[in-house]
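**Student:** Attaching a single structure in structure tokens format; questions to follow.
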Amino acid sequence: MQMFQIRFVWQHLKGKRFVFLLGMFITLLTSAVVIVNPYLEKLLVDDVIRGGKTDWLLPILGMMCLVILLKTSLFMVKVVCMEVSSQHMLMSIRNKIFTNMQYQELRFFDRIRTGDIITRTTGDLEYLRHFVAYISYNAIDIVVTFSSALVMLLFISWKLTLTLLAVTPFIILTTVIYSKKVAPIYRSIREKLSMLNINARENIAGNRVVKAFAREEFEIEKFDQSSKEFKDINLRAAHAWQKIVPIIDFLAQFLSFLTILVGGIFTITGEITLGELTLFTSLTWALSDPMRRVSGMLNDLQRFWAATDKVVEICYDTPLIRNRDNAVHKEERFDGKINFKNVSFGYTEDKLVLDNVSFTIDADSTVGIIGPTGSGKTTIASLIARFYDVTSGAIYLDGVDVRFRTLESIHKAVAIATQDVFLFSDTIAGNISFCDPSMEIEQVYECAELACADGFIRKMPDGYDTIVGERGVGLSGGQRQRIALARAIAAIPSVIILDDTTSAVDMETEKQMQYNLHNLPFHCTTIIIAQRISSVKNADKIIVLENGKVDVGTHEELAARNRYYRDVCELQDEKDLPPFVGTQASEGGEA
Amino acid sequence: MAKRNKYDVDESLEQGFDFSKLKRSIVYVKPYAKLMLLALGLSMLGSLLGLATPILLQKAMDVAIPNGDINMVVKLALASLGLVVVATIFGAIRGVIMSYCGQSIVYDIRKDVFDHLQILPFSYYDSRPHGKILVRVVNYVNSVSDSLTNGLVNAILELLNLFFITGYMFSINVRLSLIILSGMPVLLAFILLLKNVQKKANFDNNNKNSNLTAYTCEAIEGVKVSQIFRRQKENQKIYGRLNREYQKAWYKAAYLNNMMGPVTENLKQWVLCLVYIGGILWISPSVEIGVLIAMATYASKFWQPVISLANIYNNLIKTMSYLERIFQTIDEPVDICDGPEAKPLPDMQGRVEFQNVRFAYEKDYYVLKGVDLTVEKGQRIALVGPTGSGKSTIVNLISRFYNVTEGKLLIDGVNINDITLHSLRSQMGIMLQDSFIFTGTIADNIRYGKLDATDEEIRAAARAVCADEFISQMEQGYDTPVTERGGMLSQGERQLIAFARTMVSDPAILILDEATSSIDAKTEKLLQQGIEKLMENRTSFVIAHRLSTIRNCDKILYIDGGEIKEAGTHDELMAKKGYYYRLSTAQD
């Protein structure tokens, strides 16, 4: 029995457990109330209609109406109980998942994709809701009906009852075999549902590329495949289910057969009276009905197990990158001094992106990083912000290893204008004040001005209130980059990293941006990752990153000694270059 | 551009909410009508068999057992067992048929939604969070099958049941039957009263659910940004708020949906009381005791299907609210599609002509203010100018991502609107600013440009854009699995793959919109040489900020404020000492 799933549900019912149990209790009451009206009806027929006690008519009818009113009222209360408790649980789990997602490391999202997470927070959670709001109540009802019928039947004739019970082991056996068989199918169903979500989401996200290549037919075929698989696996489950239902149904109905046969023989042999047999037959359904329902419930339970596993997984998956127990938290501003000491790092074990790299970035200085495609420039930014942990060596922020600082304090100190600009579907103002929604609008304007974004924003029909689509669709690459920069400036960071933030911006604007960055109204270490020499040459220090190694120097120094840097300078028509004295051959040049 | 929707704003419903949607969904049920009729038949047979069992039982109790006829008892018992076997087999067959119909209907509807999404323009995707589109394709469609299959068949069964019982009731006693029926108008009045509130509640519930999903999607995709800016707490607050809103909407819908059952049950009881009162008042001489008891039983029997129907109706209301959204998506107008005159342009040469083209994303907000331009086959055109000047818009019009608002755009002398979209775009290589990579291998991604490309062609394309080197260095080479926005590839590498994808498609017209912005200078230089050859005999449009990359173009257009301010070769424009000259000197 998979107990941890039930424990998980119970845990998240916390706060509404009483309501949940109250609902259970009311279910019991309702089951009891159901017996009252048939009794009243019998009184009505026997005493009032046949017996002529007409003065009892209205009181009995009134009673019956009251009983129904009571029953339906109890039902409504039960509905409220189960909705309140199940919704409470869902909300608690959803919040927990969301919170966990917010703090997850980036590797996690490479492994579990957005569409999959959506499946877990929608489809899978639905089965948890179903468990709390339906299966559990049903289970109570089944148990109560079955056991009370059993007790009554045992009193009437224990021999006959035991004969009937002989069927139960077969029912249990069938359902257990079935459950084993169907469990992998249900796991497969939710995998296919997840694939459906993943494929649909990717298609929606990549709609521009689909159109650009006129690949609609191809996409339709691709999606059709997963849609078909989803249909087929559902049908397989239905078939498995329909193979078992007749057997269970048959076994349950077998009880009636046994009652007539054995009961009839018992009556004839004088073991029981005809009256007892009549009572017996009228109660047989109370045994057989729960038996039938049990199989349906087990079916639902299988889905519940499969779904809960998935939900629990993303609830409790702890990121490797998290605050250490003794992590140093710092509220005050950082100076913004960064040290890389013998840092090696690779996304996979076999391939190092950074190979024993050391350098220092002084507080309040401007540093440029340049290097070939895929050389690890963005990786440096990610490591400073501790999105990944170094494989060996250490990175120090204001003299303390980033792994010993709290993530909150690092992220407060470091702001990155990311290369792949992600904007939220919110107003432009909302995106700029992302780090602090309570920011004054004047400050938003100021940040936009510093990022040279104010001009084009004001030209838009709704200005700062323009809602941008997810990922900033509708804006040009340069506009997106400038909003991302404004967003980073608004964080008033101690270290600001521009990851290729000016690549789609025209030169004039870039010059203005560089000037503004130099004259920010706060102290700040500036790291500029770029492809253009013009973007980095005025920096205090330039880091050339190539083949996992670094070469650090000023523009003049590097132009004189670093082959790669020199080549790029020449390619980009840099003027006034010093004579080249280096010997280091550039890898790229040879290719 | 349509007003953009946010994750915390409900999507409005343009059309009224009515049951015409149900009529429309019949289209999806129709192909399975025969099967469903079969299922209906089986169910009816099953219920008839179900009626026979108590009769056998009665006979055993009344005749066989009092007579001590064991033989007969065994026979009757076996007969009832036989009936059970047949009935359960019928039931199982019905189950298989219904799940087949249900899953097929889901599949068909989903196909229609997805197919339509493929032809919807950018603006559809740009104007709402993607999570809201996603729930329609997956969750909503999943939710409609039961109502359209079991709901439908059971409704027919229950109606038949109701019909027979009513007939039977009237044949026994008309007056008491009328009393039993008197509850119906009350119930109908209640349903009508509740209808609008209930529909709105279900509709709101969907909206809130959709908002929550949209925000989840967005928050996950933007998680890196949230972490950088320590937005987690704030995001949790927003999520909590959306969660609570959803919960509130859920409660309202759930409670309203659950009201139908209790109300019907109470009504049934009142009617039953009226039957007893009426029966006893009329007992002599018009109503016999036996008749009264029978009528009381029938009153219960009559209301049973009514209660079932009320439940079916409830589910239907829910289903309607989903179908509403689904049909809304399927009906979403497509303004960029093949017109009736559209013909394929099989052998595109690549002559492009703009005749006084004006364009506005939003009414009267013109981004292009009259562009006249003729580009001959094989010419290389560069577009430069400040951001937001309209460069991207010009190339977006050539690939007909948007329709021109005024003026004419001709390709090979044919109006672009008269060329089928497929033939137009499949002969164009469009390299977008955002290099979206699909989940699959690197080879799969390059092959996206030409589905039947051989491995050699893929390698050749990758070599041409200088992507071969880094791909080959990977352990699995071209078979390296990548994911959308996947962490393993750098932005520059993704751009190179996207470039190879464009090159392999062998286009007549090549459009490069900031195609090399994230690629380092040296690779870019090599890449320039590589594509130089590929650009021969192809018309190409290049948008770039680094002017060094466009010097060799046949014509450079300086765009600003939605107009072509200057046009000419590099040397001509430099000699002119105008905008381009100033831009160019600023870069040096």
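What follows is calculated from the coordinates using simple rules that are stated; it is not laboratory data. None of these values were measured; they are calculated from a predicted model. FYI the Cβ positions are ideal-geometry reconstructions off the backbone, even for glycines, and counts take in every protein chain you see.
**Student:** Based on a Kirkwood Rh over C-alpha pairs, give the Stokes-Einstein translational diffusion coefficient of region B:20-331 at 37 °C and viscosity 0.692 mPa s in µm²/s.
**Tutor:** Working: Rh = 23.6 Å.
After rounding, the answer is 139 µm²/s.
**Student:** At each listed q (0.07, 0.08 Å⁻¹), what is the log10 of I(q)/I(0) that the Debye formula gives for the protein assembly as shown modelled as equal alpha-carbon point scatterers?
**Tutor:** Debye intensities relative to I(0), on a log10 scale: -0.77, -0.93.
**Student:** Could you please tell me the mean projected area of the C-alpha convex hull for chain A, averaged over all directions and given in square nanometres to one decimal?
**Tutor:** 39.7 nm²
**Student:** Partner chain Cβ atoms within 10 Å, averaged over the residues of B:121-133 - can you pull that number for me?
**Tutor:** 5
**Student:** Could you order peptides B:396-403, B:56-63 by the average number of other Cβ atoms within 10 Å of their residues, highest first?
**Tutor:** B:396-403, B:56-63
**Student:** Can you tell me the order of B:420-430, A:154-164 when each peptide is scored by its average per-residue count of other Cβ atoms within 10 angstrom, highest first?
**Tutor:** B:420-430, A:154-164
**Student:** Angle between the Cα long axis of helix B:232-281 and the longest principal axis of chain B, 0 to 90 degrees, nearest 10?
**Tutor:** 20 degrees
**Student:** Another question about this same structure. Using alpha carbons only, how many degrees (0 to 90, rounded to 10) separate the axis of helix A:17-43 from the longest principal axis of chain A?
**Tutor:** Around 20 degrees separate the two axes.
**Student:** Could you work out the mean count of beta carbons from other protein chains within 10 Å of each residue's beta carbon in B:82-92? Please list the in-between numbers first.
**Tutor:** Details: counts 1, 2, 8, 5, 0, 4, 9, 3, 1, 4, 10.
The per-residue average across the peptide is 4.
**Student:** Less than 11 Å Cβ to Cβ from B:Arg501, Lys/Arg counted +1 and Asp/Glu -1: what total charge do the surrounding residues give?
**Tutor:** +3
**Student:** Based solely on its DSSP helices, what 222 nm [θ] is calculated for chain B when runs of n ≥ 4 H residues each add -39,500 (n - 2.57) and the sum is averaged over all residues, nearest 500 deg cm²/dmol?
**Tutor:** -20000 deg cm²/dmol
**Student:** Oh, and also: Once the dipole of region B:342-500 is set up with Lys and Arg at +1 and Asp and Glu at -1 on Cβ about the Cα centre, which of B:Asn445, B:Phe499, B:Val367 lies farthest towards its positive end?
**Tutor:** Result: B:Val367, furthest along the dipole toward the positive end.
**Student:** May I ask for the Rg/Rh ratio of region A:1-110, computed from Cα atoms with Rh as the Kirkwood radius, given to two decimals?
**Tutor:** On the Cα set of region A:1-110, Rg over Rh gives 1.34.
**Student:** Also, I was wondering about something else. So how strong a dipole does the protein assembly as shown carry about its Cα centre when Lys and Arg Cβ are +1 and Asp and Glu Cβ are -1, to the nearest 20 debye?
**Tutor:** Dipole of the protein assembly as shown, to the nearest 20 debye: 3640 debye.
**Student:** Okay, moving on. Pick out, from A:Val176, A:Gln104, A:Ser358, the residue whose Cα sits farthest towards the positive end of the charge dipole of chain A, with +1 on the Cβ of Lys and Arg and -1 on the Cβ of Asp and Glu.
**Tutor:** Toward the positive end, the furthest listed residue is A:Val176.
**Student:** For helix A:3-12, what angle does its Cα long axis make with the longest principal axis of chain A, in degrees from 0 to 90 and rounded to 10?
**Tutor:** 70 degrees
**Student:** A follow-up question, please. Over its Cα atoms, what ratio of radius of gyration to 2.2 N^0.38 Å does chain B give?
**Tutor:** Normalised by 2.2 N^0.38 Å, the Cα Rg of chain B equals 1.41.
**Student:** How many times 2.2 N^0.38 Å is the alpha carbon radius of gyration of region A:118-318? List each step's numbers first, then the result.
**Tutor:** On the way: Rg = 24.0 Å, N = 201, 2.2 N^0.38 = 16.5 Å.
The reported ratio for this selection is 1.46.
**Student:** With +1 on each Lys and Arg Cβ and -1 on each Asp and Glu Cβ, and nothing else charged, work out how big the dipole of region A:1-103 is about its Cα centre, in Debye to the nearest 20. It would help to have the intermediate numbers written out before the result.
**Tutor:** Working: 11 positive and 5 negative charges, 133 e Å.
That gives region A:1-103 a dipole magnitude of about 640 debye.
**Student:** To continue, here is another question. Quick one, what does Rg over Rh come out to for region A:472-581 if you take C-alpha atoms and the Kirkwood Rh?
**Tutor:** Using only Cα positions, Rg/Rh for region A:472-581 is 0.99.
**Student:** Restrict the search to region A:298-336; then list the GluC sites (Glu not before Pro) that DSSP places in a loop and that have at most 10 other Cβ atoms within 10 Å of their Cβ.
**Tutor:** Within region A:298-336, the qualifying GluC sites (Glu not before Pro) (loop, at most 10 other Cβ atoms within 10 Å) are A:Glu331, A:Glu332.
**Student:** Next question, about the same structure. Name the residue from B:Ser147, B:Ile55, B:Gly183 whose Cα lies farthest towards the positive end of the charge dipole of chain B, charges +1 on Cβ of Lys and Arg and -1 on Cβ of Asp and Glu.
**Tutor:** So the residue we want is B:Gly183.
**Student:** While we're here: Working from the alpha-carbon coordinates of region B:31-94, get Rg over Rh, Rh being the Kirkwood radius.
**Tutor:** 1.19
**Student:** Could you give the dipole magnitude of region A:338-590 about its Cα centre, charging the beta-carbon of Lys and Arg +1 and that of Asp and Glu -1, in debye to the nearest 20? List each step's numbers first, then the result.
**Tutor:** Values: 22 positive and 37 negative charges, 53 e Å.
Dipole of region A:338-590, to the nearest 20 debye: 260 debye.
**Student:** Can you tell me which of A:392-400, A:443-451, A:268-276 comes out highest on packing, and rank the rest after it, using the mean Cβ neighbours within 10 Å? Each step should come with its number before you reach the end.
**Tutor:** Numbers: A:392-400: 17.3, A:443-451: 20.9, A:268-276: 13.9.
Ranked from most to least packed, the peptides come out as A:443-451, A:392-400, A:268-276.
**Student:** On to the next question. For n ≥ 4 DSSP H runs only, could you compute -39500 (n - 2.57) per run for chain A, divide by its residues and tell me the 222 nm figure to the nearest 500?
**Tutor:** Taken over chain A, the calculation gives -19500 deg cm²/dmol.
**Student:** Run the Debye formula on the Cα coordinates of region B:81-126, all scatterers equal and no solvent, and tell me log10 I(q)/I(0) at q = 0.13, 0.17, 0.23 1/Å.
**Tutor:** Each listed q maps to, in turn, -0.51, -0.63, -0.79.
**Student:** Give me a single rounded figure for B:236-246: the average over its residues of other chain Cβ atoms within 10 Å of their Cβ.
**Tutor:** Averaged over the peptide's residues, the number is 3.
**Student:** To check you understand DSSP bridge types, tell me what percent of the beta bridges within the protein assembly as shown (both residues inside) are antiparallel, rounded to 5. Walk me through the intermediate numbers first.
**Tutor:** Numbers: 41 of 77 bridges.
Beta bridges within the protein assembly as shown, antiparallel portion: roughly 55 percent.
**Student:** List the longest stretch of chain B that has no exposed loop site; here a site is one of the GluC sites (Glu not before Pro) assigned by DSSP to anything other than H, G, I, E or B, with at most 14 other Cβ within 10 Å. Each step should come with its number before you reach the end.
**Tutor:** Working: sites that count: B:Glu14, B:Glu288, B:Glu341, B:Glu376, B:Glu475, B:Glu536.
Longest stretch, sites excluded: B:15-287.
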